[in-house]
1. Taking the chain as the reference, fit the longest principal axis to its C-alpha atoms, fit the long axis of helix 9-26 to the helix C-alpha atoms, and give the angle between the two in degrees, 0 to 90, nearest 10.
2. Sorted by mean Cβ packing within 10 Å, highest first, what order do the peptides 109-115, 42-48 take?
3. What size of dipole, in debye to the nearest 20, comes out for the chain about its Cα centre when the only charges are +1 on Lys and Arg C-beta atoms and -1 on Asp and Glu C-beta atoms?
4. Kindly express, to the nearest 10 degrees and within the range 0 to 90, the angle between helix 70-80's C-alpha long axis and the longest C-alpha principal axis of the chain.
5. Give me the base-10 log of I(q)/I(0) for the chain at each q in 0.09, 0.20 Å⁻¹, Debye formula, one uniform scatterer per Cα, rounded to two decimals.
6. Using a probe of 1.4 angstrom, how much of the accessible area of the range 45-117 is carbon and sulfur, in percent?
7. For a quick size check, give me the Cα extents of the range 1-54 along its three principal axes, largest first, whole Å.
8. Specify the angular offset, from 0 to 90 degrees and rounded to the nearest 10, of the alpha carbon long axis of helix 30-40 from the longest principal axis of the alpha carbons in the chain.
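The values are calculated or read from the model by the stated rules, or taken from the named source; none is laboratory data. Worth saying up front: this structure is predicted, and the values here are computed from it rather than measured. Because the Cβ atoms are built from the backbone with ideal geometry, glycine has one as well, and the counts that use them run over all protein chains shown. Surface accessibility is based on the protein's heavy atoms, side chains included, excluding ligands, DNA and RNA. Shrake-Rupley method; radii C 1.70, N 1.55, O 1.52, S 1.80 Å.
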Amino acid sequence: FFSAPRFAQDATRREVEAIDSEHSKNLKSDGFRLFQLTKSRFPSTHPFSKFGTGTRKTLRPPNGDGDPPVDKLREFYGTNYVGSNMACVVCSTQSLDVLQKLTENALVDVRSTTERRPPSTLYFDEEPLPKDSDAYVLASLQSQRELSVQWVL
């Protein structure tokens, strides 16, 4: 996948359906809903504020019945999937020498570049949205009792 993804239309369509299914499941999760509420309180230019999952409608425009945006996936892949933007973590009981060889063989075809895109600093120009007086009540869908207190540092 990291060196030569095909982005076949039928495989991409199946992935969109899996993403839509995961999103539907998440809507019933109190933890996911609280996480989304937290994310929504960040400045809109901050990467953390972005919505974390998609739906059939957002991923197969215009109404959820169009073709998945394979060209956009290829463009995103071409821009972001380069060695300088990646990190690799390998956990195993194998020796370090064996792990290094396995990892190098698996990732040998990953495109490499010396250009590393620095993280954007744009989002640091905005003040965080929550104010001292902000309070939210999130009604539980799962009959849970929890108090969560968060503040901006």
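1. The angle comes out at about 30 degrees.
2. Those peptides, ordered most packed to least, come out 42-48, 109-115.
3. 260 debye
4. That helix lies at roughly 80 degrees to the long axis.
5. Result of the Debye calculation: -0.49, -1.23.
6. 54 percent
7. 37, 27, 14
8. Once rounded, the angle reads 90 degrees.
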